[in-house]
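First comes the structure, then the notes that go with it.
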Amino acid sequence: MINESYPKIYLYRRLVQAKLFIDTHYADNIDLSNIADEAYFSKFHFIRKFKHIYRKIPHQYLIFVRIDNQNQYP
């Protein structure tokens, strides 16, 4: 039972790590390659997994974070 859930937990932790990378580096010049590398995924696999968990592709989430943070500081 533990062995079956380990890979899913590990993948989820990597996706959370990538999301936190976006949340902290949104103002930098980051792209999909930077974010996918941070989570140790290929770009295409990362896009599929990120969208499955967060319901947005990584680029959409990055734009959302940038706009949200821009609106906080007029």
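The values are calculated or read from the model by the stated rules, or taken from the named source; none is laboratory data. Small disclaimer: the values here were computed from a predicted structure and weren't measured. A quick note on method: Cβ atoms are made from the backbone with ideal geometry, for glycine too, and the neighbour counts reach across all protein chains shown.
Could you please find all residues in region 18-27 being surrounded by 15 or more Cβ atoms within 10 Å (Cβ to Cβ) and assigned to a helix (DSSP H, G or I)?
Taking region 18-27 as the starting set, the residues that turn out to be surrounded by 15 or more Cβ atoms within 10 Å (Cβ to Cβ) are 18-19, 21-22, 25-26.
Result: Ala18, Lys19, Phe21, Ile22, His25.
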Identify all residues within region 57-74 that are surrounded by 12 or more Cβ atoms within 10 Å (Cβ to Cβ) and out of contact with any Phe, Trp or Tyr (no Cβ under 7 Å at 6 or more places or on another chain); write none if there are none. His59, Gln60, Ile63, Phe64
Can you name the condition, by its number, that Pro7 falls short on among (1) loosely packed, with under 11 Cβ neighbours inside 10 Å; (2) at pLDDT 90 or above? (2)
